[in-house]
Amino acid sequence: MTEPTMEDVARAAGVGVATVDRVINRRAPVRADTAQRVLDAAQTLGFRRAGLISKRISEQQRPLRLGFLLQSQRSPFYTALGHALEQAVQALQQQRATPVLAFMDDFTPRKVAERLLALGQQVDAVALVAADHPVIHQAIETLHAQGVPVFALVTDLSAPSVAGYVGMDNRKMGRTAAWSIAKLSQRPGKVGLILGSHRYLCQEQCEISFRSYLRESAPGFQVLETLVSLEDVALAHAATLELLHLHPDLVGVYVAGGGVEGVLEALQEAAMPELVTVCHDLTDTTRQALLDGHASVVLSHPCEWMARSLCEAMQKRLQNRQPVGKSQGLLPFTLYTVANV
């Protein structure tokens, strides 16, 4: 006796073969009553993939679970981003969905990979903010093989199986920071540059484009050796104080990574009103720094827009409405000065 085929199941259920295929492979949504007819026919005929059809129907009936692995909850930016993601998940159209948020204080690659794999077992798709590292790539490949798409948020990742990236055009961000310092400084001179880590592709791209703009368009400015804060407020504070001590003739500072609270605290202590400072993301701290004159320009991620774009991309991938390959969601950043906060 021959095994029942998809054609047999389709005929018994009174649907087309394409409908059976959509139920099995989630190529497109199928009405609940139609999917149930396909399952009943598959079970009656003894179709070998009846169990998978049952699983697919169960997945379609429960809410989507979207996971987000963010950096420290002590960071005002990631607290705000987490709230925006929760709101965006709840606002998804034509789909019940549940957000699963996780925050990290340990950014070492192995710990991030462990947290990513654990979160991936709880959700249908996951997005994370992480440094670009082979150990993290391996975790992404593992989840991809298990059918869990992984998206990069804020900073891109070079793992081959990353499902998409949602964030800023960091080349434009770095060049805008350089333009701001070149135009606002009273004279050319030395410029400090502070990153969290070169492993974050967004920060690496900001640094490259920042240096490139000044080299091409404002060669009178000398960018000093990059300081690394490891995204730590205390380290950023200490590094900034040392920078100001070694270079009292500094004319500008660009903070392209974490720890900005420490940098701004050091600038306040040093009281250098002529210094042009550019940093990222409007928070209570950076807003006050603009008002007090310790920051000149803030280049900010639009958290609500970014969260909506990410959640929609995750939903499309899970519903197989997105073409195979990596999706790119590059959004414009917002520029703030004391005049528009």
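The values are calculated or read from the model by the stated rules, or taken from the named source; none is laboratory data. Owing to the predicted nature of the structure, the values given are computational and were not obtained by experimental measurement. So basically every Cβ, Gly included, is an ideal-geometry build from the backbone, and we count neighbours across all protein chains shown. Areas reflect the complete protein model, heavy atoms only, side chains present, ligands, DNA and RNA absent. Shrake-Rupley method; radii C 1.70, N 1.55, O 1.52, S 1.80 Å.
For the stretch 96-135, how many residues are more than 19 Å from Gly258 (Cβ to Cβ), in contact (Cβ under 8 Å) with a residue 40 or more places away in the chain and open to solvent by 50 Å² or more (accessible area, probe 1.4 Å)?
Result for the stretch 96-135: 1.
Within the stretch 205-226, track down each residue that is within 16 Å of the chain's Cα centre (by Cα) and crowded, with 22+ Cβ neighbours inside 10 Å. Lay out the reasoning, then the answer.
Residues of the stretch 205-226 that are within 16 Å of the chain's Cα centre (by Cα), as a first pass: 205-206.
Cys206 - this is the single residue of the stretch 205-226 that is within 16 Å of the chain's Cα centre (by Cα) and crowded, with 22+ Cβ neighbours inside 10 Å.
Go through the stretch 7-22 residue by residue and tally those that are surrounded by 17 or more Cβ atoms within 10 Å (Cβ to Cβ), under 26 Å from Gln319 (Cβ atoms) and out of contact with any Lys or Arg (no Cβ under 6 Å at 6 or more places or on another chain).
Summing the residues that are surrounded by 17 or more Cβ atoms within 10 Å (Cβ to Cβ), under 26 Å from Gln319 (Cβ atoms) and out of contact with any Lys or Arg (no Cβ under 6 Å at 6 or more places or on another chain) in the stretch 7-22 gives 6.
Just checking, how many residues over the stretch 271-304 are touching a Pro at 6+ places or on another chain (Cβ under 9 Å), part of a helix (DSSP H, G or I) and open to solvent by 30 Å² or more (accessible area, probe 1.4 Å)?
So the count comes out to 2.
Arg37 fails exactly one of the following numbered conditions: (1) surrounded by 16 or more Cβ atoms within 10 Å (Cβ to Cβ); (2) within 19 Å of Ala127 (Cα to Cα). What is the number of that condition?
Going through the list (1) surrounded by 16 or more Cβ atoms within 10 Å (Cβ to Cβ); (2) within 19 Å of Ala127 (Cα to Cα), Arg37 breaks only (2).
Select from the stretch 147-190 the residues that are open to solvent by 30 Å² or more (accessible area, probe 1.4 Å) and of a type in the set (A, V, I, L, M) and list them in ascending order.
Leu184
In the stretch 234-249, which residues are surrounded by 20 or more Cβ atoms within 10 Å (Cβ to Cβ) and either among the hydrophobic types (A, V, I, L, M, F, W, C) or in contact (Cβ under 8 Å) with a residue 60 or more places away in the chain (or both)?
Ala236, Ala239, Leu243
So which residues in the stretch 237-270 are small (Gly, Ala, Ser) and either part of a loop (DSSP other than H, G, I, E, B) or more than 32 Å from the chain's Cα centre (by Cα) (or both), if there are any at all?
We begin by selecting, within the stretch 237-270, every residue small (Gly, Ala, Ser); these are 238-239, 252, 256-259, 262, 266, 270.
Correct list: Ala256, Gly257, Gly258, Gly259, Ala270.
What are the residue pairs meeting all of these: first residue in the stretch 255-272, first residue at positive phi, second residue not aromatic (Phe, Trp, Tyr), Cβ atoms under 7 Å, and 6 or more apart or on different chains?
Gly259/Gly196; Gly259/Ser229; Gly259/Glu231; Gly259/Asp232; Gly259/Val233; Gly259/Leu235; Gly259/Ala236
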